[in-house]
Amino acid sequence: MTERYYTTHEVSKICSVYPSTVINWIEEGTLPAFTTPGGHRRIKREDLFRLMKKNGMPIPKELEKSGRIKVLAIDDDTKISRLIKTILEAGGGDIDVITAKSGFEGGLLMKESFPDIILLDFLMPDMDGFEVTRRIRQDADMKGIPIIAVTVLRDPKEIKKMYACGVTDYLPKPFKAADLTAKVDQYIKVRR
């Protein structure tokens, strides 16, 4: 998606609200914006898209996401992250994989990239997958993002605990490339 900035008046027309409503959204922090040297507010297309998506507003064609799917892979083992990136991006599809080495880094990248799917390891030193999942599910902007647990954990009690804290699906390590691709493809179809 190429970067595009909107004025408060353009946003008010797109959202069918008064310009004062858009200014209120900006001032209360609901809609991120920056101010030009001339004192005019500008809103990034992606920020407007997120606001509209989060609130179930009809999204005009010009704001729709590009056809590319963003997958965030969070794993402290960089070999696994690189493997996931290689497998998913080599499929010739329209997937971009962003990697994070920790739950904390993953949390920061979620806010920046707004991924379509999250692949999450559950055994990480700084913040385990259970805590990462809980935090994602508490964030109104991230609640609906599918989280696929990609982990060595196989005990049925642990798997049940993963689902209880908000995981959407589970893929045990080690995994086959075809299994990873099939699992991600399943959620790509849902996100489109």
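Overview of results
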| quantity | calculated |
| --- | --- |
| The chain - mean residue ellipticity at 222 nm from DSSP helices (-39,500 (n - 2.57) per run, n ≥ 4, rounded to 500) | -13500 deg cm²/dmol |
| Tail fraction, Cα-Cα pairs, region 5-63, threshold 19 Å, whole percent | 17 |
| Residue-wise HN-Hα coupling along region 112-128, computed from phi with Karplus coefficients 6.51, -1.76, 1.60 (Hz; x: Gly, Pro) | 7, 9, 6, x, 8, 9, 10, 9, 10, 6, 9, 10, 10, x, 7, 8, 6 |
| Listed residue (Gly91, Thr78, Ile147) projecting farthest to the positive dipole end of region 69-191, Cβ model | Ile147 |
| Relative pair counts by distance (%), Cα atoms of region 1-132, 10 Å bins | 11, 34, 26, 21, 7, 0 |
| Under 5 Å, built H, 5+ apart or other chain: amide partners of Met124 | Gly129 |
| Charge dipole (region 5-63, unit charges on Cβ, about Cα centre) - positive-most of Thr21, Thr36, Leu51 | Leu51 |
| Simple label model, 7 Å out from Cα along Cβ direction - Leu108 to Asp128, nm | 2.4 |
| Distance from region 1-63 to region 76-112 (C-alpha centre basis), Å | 29 |
| Per-pair calculated FRET efficiency, R0 = 30 Å: Arg68 and Thr36 via Cβ, rounded to 0.05 | 0.55 |
| Folded to 0 to 90 degrees: helix 156-165 orientation relative to the chain principal axis, Cα | 10 |
| GluC sites (Glu not before Pro) within region 21-100: DSSP coil, no more than 14 neighbouring Cβ in 10 Å | Glu28, Glu64 |
| Residue-wise HN-Hα coupling along region 144-153, computed from phi with Karplus coefficients 6.51, -1.76, 1.60 (Hz; x: Gly, Pro) | x, 6, x, 10, 9, 6, 10, 8, 7, 4 |
| Loop trypsin sites (Lys or Arg not before Pro), region 77-181 (other Cβ atoms within 10 Å of the site Cβ: 13 or fewer; DSSP) | Lys143, Arg154, Lys176 |
| Extension gain, Tyr163 back to Thr78 (0.36 nm per residue minus Cα-Cα distance, nm) | 28.1 nm |
| Highest-fluctuation residue, Val97, Val11, Val71 considered, GNM on the chain with Cα pairs under 10 Å | Val11 |
| Percent of beta bridges antiparallel (DSSP, the chain, rounded to nearest 5) | 20 |
| Rg(Cα) / (2.2 N^0.38 Å) computed for region 69-191, rounded to two decimals | 0.94 |
| Size of charge dipole - the chain - debye, nearest 20, with Cβ of Lys, Arg +1 and Asp, Glu -1, no other charges | 440 |
| Stretch gain in nm, segment Lys189-Glu89, where the contour uses 0.36 nm per residue and the Cα spacing is subtracted | 34.3 nm |
| Percentage relative contact order, the chain, counting C-alpha pairs under 8 Å, at least six apart | 14 |
| Listed residue pairs exceeding 23 Å between alpha carbons, taken from Lys70/Lys111; Lys44/Lys101; Lys111/Lys176 | Lys44/Lys101; Lys111/Lys176 |
| Among Thr36, Thr151, Thr99, residue whose mean-square fluctuation peaks in a GNM of the chain (springs only between Cα atoms under 10 Å) | Thr36 |
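We did not get these values from a lab; they are worked out from the coordinates using the rules stated. This is a predicted model, so every value here is computed, not measured. Note: ideal-geometry Cβ built from the backbone for every residue, glycine included; neighbour counts use all protein chains shown.
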